[in-house]
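Every number here is computed from the coordinates shown, using simple stated rules; none is lab data. Values in this document were obtained by computation on a predicted structure and should not be read as measured data. Cβ sites come from the backbone with ideal geometry, for glycine too, and all protein chains shown count toward neighbours.
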Amino acid sequence: MVISAAPRVERLASSGIEVIPQEYVRPQEELTSIGNVFEEEKKEEGPRVPTINLKGINSEDPVEREKCKEELKKAAAGWGVMHLVNHGIPDELIERVKKAGETFFDLPIEEKEKYANDQATGKIQGYGSKLANNACGQLEWEDYFFHLVYPEDKRDLSIWPKTPTDYKEATSEYARQLRGLATTILSTLSLGLGLEAGRLEKEVGGMEEFLLQLKINYYPRCPQPELALGVEAHTDVSALTFILHNMVPGLQLFYEGKWVTAKCVPNSIIMHIGDTIEILSNGKYKSILHRGLVNKEKVRISWAVFCEPPKEKIILQPLPETVSEEEPPRYPPRTFVQHIEHKLFRRTQDLHSNRISK
């Protein structure tokens, strides 16, 4: 059995504490913007994360098809995040994926520790909690399970949960279907840039090299949710990120200078545009700053699949077709891993900026 030295937030949360440890308390400048997530979700005024109905994306009716693609492109350019409905992945499969993840996190911590990761030795897949301090030295109120789910020949099934027994089958099938959805989205975004349909997918590694990494985020109840964050403000480094959740609100987006709480939309998949697509599109599609709130009443679980290019085989830079004299390249050439390292180095950047660091 591998026993991790990481503090498990679930253990802390279930210990009966009424005051959270200081390392989970956010800096003063952040605290003024953290509200009650249930009250925030109820608000009717203000901007709303767009919902894109994908039913028409492959329609034989060209008008319906183009309308759907235009709405998706507009959401990617204006928000960089959206709820996808009628996405083609069966509700029954999604429920199986959620049930499998919930069952794993319902196991005793000692049982989950058998799958513990060890970031110090580079073993990043498995059960974990945040170890490395970030720029402000704070920890996040979450535990997680992280592993590669696609392509299938790159998976390490030895670290996949054995309990529940449906975990492998449900997660594998979901990854396969999500990979197909990613192709549809990338094709639409390519056409939206005036490129051929397969161009963006080719630029992020194609069928062979494009990686899907699943991170199940477990946010326990927090006795002082007004002081903590489940996930601090960040942009995703991925090309695309697809998110399921257990219908407990928590996701917030930094839009037009304010934090906007995403509403819970039934049978939807949340999709983020990541830094990789922002860079390739020279900023025409947005990688939006976002964070996760926690609460006192309910455990929140989310299933995030990060669709990423290979770490070092591809140079990420604005595609020539997206650059002109009026719009020079906004990002220097870097590999994916160099971009990640650059972001870590720049972690002290102003969290109130909704641009990725250049």
> Among ASP61, ASP166, ASP275, which one shows the biggest mean-square fluctuation in a GNM of the chain, springs joining Cα atoms closer than 10 Å?
Replying inline: ASP61
>> Students often get this wrong, so check it: of LYS42/LYS311; LYS43/LYS67; LYS43/LYS202, which have C-alpha atoms separated by over 32 Å?
In response: LYS42/LYS311; LYS43/LYS202
> For the residue pair MET207 and LYS67, what label-to-label distance in nm results when each label sits 7 Å from Cα along the Cα-to-beta-carbon direction?
Replying inline: 3.3 nm
>> I need the phi-derived Karplus couplings for region 242-259: 6.51 cos²θ - 1.76 cosθ + 1.60, θ = phi - 60°, integer Hz, Gly and Pro marked x.
In response: 10, 10, 9, 8, 8, 6, 9, x, x, 6, 10, 10, 8, 10, 6, x, 9, 7
> Can you give the extra length, in nm with one decimal, that the chain gains between GLU110 and LEU191 once fully stretched, where that is 0.36 nm per residue apart less the Cα-Cα distance?
Replying inline: 24.2 nm
> Excluding GLY46 itself, what net charge comes from residues whose Cβ is under 15 Å from its Cβ, given Lys and Arg +1 and Asp and Glu -1?
Replying inline: -1
> Local charge sum around PRO151 (other residues, Cβ-Cβ under 13 Å, Lys/Arg +1, Asp/Glu -1)?
Replying inline: -2
> Hey, how many Å between the Cα centroid of region 169-190 and the Cα centroid of region 53-79?
Replying inline: 17 Å
> Counting other Cβ atoms within 10 Å, which GluC sites (Glu not before Pro) in region 10-102 have at most 13 and lie in a DSSP loop?
Replying inline: GLU18, GLU44, GLU45, GLU60
> Rounded to the nearest 0.05, what FRET efficiency do MET247 and SER158 have when you use their Cβ-Cβ distance and R0 = 35 Å?
Replying inline: 0.60
> Which residue, THR235, THR184, THR165, has the most motion in a Gaussian network model of the chain that connects Cα atoms within less than 10 Å?
Replying inline: THR165
>> Run the helix sum for the chain: -39,500 (n - 2.57) per DSSP H stretch of 4+ residues, divided by residue count, reported at 222 nm to the nearest 500 deg cm²/dmol.
In response: -8000 deg cm²/dmol
> With each pseudo-label sitting 7 Å past Cα toward Cβ, what's the LYS42-GLU169 distance in nm, one decimal?
Replying inline: 4.3 nm
> Residue farthest toward the positive end of the dipole of the chain, with Cβ of Lys/Arg at +1 and Asp/Glu at -1: which of GLY274, VAL337, LEU93?
Replying inline: VAL337
> Any idea what the relative contact order of the chain is, in percent, if you count C-alpha pairs under 8 Å spaced at least 6 apart?
Replying inline: 21 percent
> By DSSP, what percent of the beta bridges with both residues in region 9-345 are antiparallel, rounded to the nearest 5?
Replying inline: 90 percent
> Length gain on complete extension for the stretch SER15 to PHE345, per 0.36 nm per residue less the alpha carbon to alpha carbon distance?
Replying inline: 115.3 nm
>> I need the GluC sites (Glu not before Pro) found in region 167-258, filtered to DSSP loop residues with at most 13 other beta carbons within 10 Å of theirs.
In response: GLU196, GLU256
> When the Karplus curve 6.51 cos²θ - 1.76 cosθ + 1.60 is applied with θ = phi - 60°, which whole-Hz ³J(HN,Hα) does each residue of region 294-302 get, with x for Gly and Pro?
Replying inline: 10, 8, 7, 8, 9, 5, 10, 10, 10
>> Straight-line reach from LYS98: which lysines fall under 24 Å, measuring Cα to Cα and dropping same-chain residues less than 8 apart?
In response: LYS55, LYS112, LYS114, LYS130, LYS154, LYS162, LYS168, LYS215, LYS263, LYS296, LYS298
